[in-house]
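J.: What follows is a single structure, and I will ask about it in a moment.
The values are calculated or read from the model by the stated rules, or taken from the named source; none is laboratory data. Quick caveat: nothing in here was measured; it's all calculated off a predicted structure. Remember, those area values only see protein heavy atoms, side chains included, never the ligands or the DNA or RNA. Shrake-Rupley method; radii C 1.70, N 1.55, O 1.52, S 1.80 Å.
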Amino acid sequence: MGKFAVKTVKSGIKFNLKAGNGEIIAVSEGYKAKASCMNGIESVRKNAPEAPVVEEES
């Protein structure tokens, strides 16, 4: 099962989304407050379960 790993960094706090095998599959921006980081995690949980995959040109 995957997990969200929260950690403190020089710029504040961030989270990584890790797959069941421990591989990092998503990295958040840096947040100044832990509450903001937790809101970011909840946003991913809420908005991503059925998100479509789209190809965009660069």
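Residue by residue, here is whether (1) open to solvent by 50 Å² or more (accessible area, probe 1.4 Å); (2) outside any helix (DSSP H, G or I) holds:
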position	(1), (2)
1	yes, yes
5	no, yes
13	no, yes
16	no, yes
22	no, yes
40	no, no
51	yes, yes
54	yes, yes
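J.: What about residue 47, is it polar (S, T, N, Q) and modelled with pLDDT of 95 or more?
T.: Against the criterion (polar (S, T, N, Q) and modelled with pLDDT of 95 or more), residue 47 does not qualify.
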